[in-house]
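The values are calculated or read from the model by the stated rules, or taken from the named source; none is laboratory data. Not measured: the values here are computed from a predicted model. No Cβ is skipped: glycine too gets one built from the backbone with ideal geometry, and neighbour counts run over all protein chains shown.
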């Protein structure tokens with residue numbers, strides 16, 4: 001009898017699908033994964049009946065499969081899944097530059113398969129037809145830079161699957177001290193936390209097609225928001241908030257040991273939405289701002305020939 005499984009008894013990898021809900025035929029390293037948390041719901045339909053106190057009958061309803069992945073930011077594959085479009089230039093010698101941008105009208109996000117293999121139980125699951133609903137990038141002082149993505153999947157398969165073999169990538173994950181921020185093209189050195197959230201507004205579409213799983217997952221309105229926490233040592237951002245000035249913000253992550261490994265988040269068409277300047281008797285004063293943006297582009301330099 002197999003023993004109890006641990007996190008190190010598992011692998012989690014991802015691959016782009018040839019078309020929606022068709023399992024990927026090749027898989028990639030996603031990064032240094034801290035957790036993969038899938039959840040399946042059968043949305044049980046309960047039928048009450050006249051003359052019976054308890055439910056008379058139960059039936060399975062619409063099957064919904066969700067999942068979240070948290071990892072230390074090392075490569076940009078989850079970012080590419082969340083935004084959808086990648087243009088790559090360069091080569092192995094100079095390094096590859098990937099320009100990642102959001103899909104627009106008439107375009108679809110890539111669908112991906114996330115495979116979880118449990119070595120201890122010899123149990124492999126393919127989470128198929130996955131699209132990224134939300135992606136959150138977070139840089140906080142004294143910590144590694146992290147990504148968290150929430151997926152909507154079509155369904156799960158666990159029969160007749162050969163586990164993928166994926167070699168770990170050993171490029172550095174990014175630390176807080178490798179990050180810098182520019183606001184309206186001016187360096188801002190007082191930020192202690194930067195959080196970016198991309199929301200794709202996904203919606204599962206169920207149809208009368210003989211299956212209780214979604215026939216497709218539709219993209220909704222794109223929302224791009226960021227929150228910044230900074231030591232309150234300047235009135236500059238207060239003045240920008242008060243005046244309602246436009247915002248251009250960049251978060252630059254540069255590997256301190258590899259000049260050919262970087263990620264630059266470029267947010268455009270923004271306005272500050274909220275501003276907070278709380279005062280506490282025992283703490284240094286901080287300013288917290290939230291902003292909404294209309295545009296986002298991400299430039300990635302690394303050793304990977306492809307992201308998608």
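For every residue, the table says whether it meets (1) touching a residue at least 60 places away in the same chain (Cβ under 8 Å); (2) surrounded by fewer than 18 Cβ atoms within 10 Å (Cβ to Cβ); (3) within 18 Å of residue 198 (Cβ to Cβ).
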| position | (1), (2), (3) |
| --- | --- |
| 10 | yes, yes, no |
| 15 | yes, no, no |
| 35 | no, yes, no |
| 44 | no, yes, no |
| 53 | no, yes, no |
| 98 | yes, no, yes |
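Which one of 139, 144 is under 26 Å from residue 176 (Cβ atoms), in contact with a strand residue (DSSP E or B) (Cβ under 8 Å, 6 or more places away or on another chain) and buried (at least 23 other Cβ atoms within 10 Å of the Cβ)? Before you say what the answer is, go through the steps one by one.
Values: 144 fails: buried (at least 23 other Cβ atoms within 10 Å of the Cβ).
None of the other options fit; the residue is 139.
Can we say residue 169 is within 30 Å of residue 256 (Cβ to Cβ) and surrounded by fewer than 21 Cβ atoms within 10 Å (Cβ to Cβ)? Talk me through it step by step, then tell me what you get.
Numbers: within 30 Å of residue 256 (Cβ to Cβ): yes; surrounded by fewer than 21 Cβ atoms within 10 Å (Cβ to Cβ): yes.
So residue 169 fits the description; yes.
Rundown of residues vs (1) assigned to a strand (DSSP E or B); (2) out of contact with any helix residue (DSSP H, G or I) (no Cβ under 6 Å at 6 or more places or on another chain); (3) farther than 15 Å from residue 181 by Cα; (4) touching a residue at least 24 places away in the same chain (Cβ under 8 Å), yes/no style:
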position	(1), (2), (3), (4)
267	yes, yes, no, yes
271	yes, yes, yes, yes
278	no, yes, yes, no
281	no, yes, yes, no
287	yes, yes, yes, yes
291	yes, yes, no, yes
301	yes, yes, yes, yes
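Looking at segment 115-131, is at least one residue surrounded by 21 or more Cβ atoms within 10 Å (Cβ to Cβ), closer than 23 Å to residue 262 by Cβ and in contact (Cβ under 8 Å) with a residue 12 or more places away in the chain?
No: segment 115-131 contains no residue that is surrounded by 21 or more Cβ atoms within 10 Å (Cβ to Cβ), closer than 23 Å to residue 262 by Cβ and in contact (Cβ under 8 Å) with a residue 12 or more places away in the chain.
Quickly run through segment 209-262 and pick out the residues that are in a loop (DSSP other than H, G, I, E, B), touching a residue at least 12 places away in the same chain (Cβ under 8 Å) and surrounded by 15 or more Cβ atoms within 10 Å (Cβ to Cβ).
The answer is 212, 213, 214, 219, 222, 232, 255, 260, 261.
Among the residues of segment 68-91, which ones are touching a helix residue (DSSP H, G or I) at 6+ places or on another chain (Cβ under 8 Å) and over 12 Å from residue 34 (Cβ atoms)? Talk me through it step by step, then tell me what you get.
Taking segment 68-91 and keeping what is touching a helix residue (DSSP H, G or I) at 6+ places or on another chain (Cβ under 8 Å), we get 69, 71, 86.
If the condition is that a residue be touching a helix residue (DSSP H, G or I) at 6+ places or on another chain (Cβ under 8 Å) and over 12 Å from residue 34 (Cβ atoms), then 86 is the only one that fits.
One line per residue, one yes/no per condition, for (1) more than 20 Å from residue 169 (Cα to Cα); (2) at pLDDT below 95; (3) touching a strand residue (DSSP E or B) at 6+ places or on another chain (Cβ under 8 Å); (4) surrounded by fewer than 16 Cβ atoms within 10 Å (Cβ to Cβ):
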{"site": "47", "(1), (2), (3), (4)": "yes, no, yes, yes"}
{"site": "58", "(1), (2), (3), (4)": "yes, no, yes, yes"}
{"site": "63", "(1), (2), (3), (4)": "yes, no, yes, no"}
{"site": "66", "(1), (2), (3), (4)": "yes, no, yes, no"}
{"site": "78", "(1), (2), (3), (4)": "no, no, yes, no"}
{"site": "83", "(1), (2), (3), (4)": "yes, no, yes, no"}
{"site": "90", "(1), (2), (3), (4)": "no, no, yes, yes"}
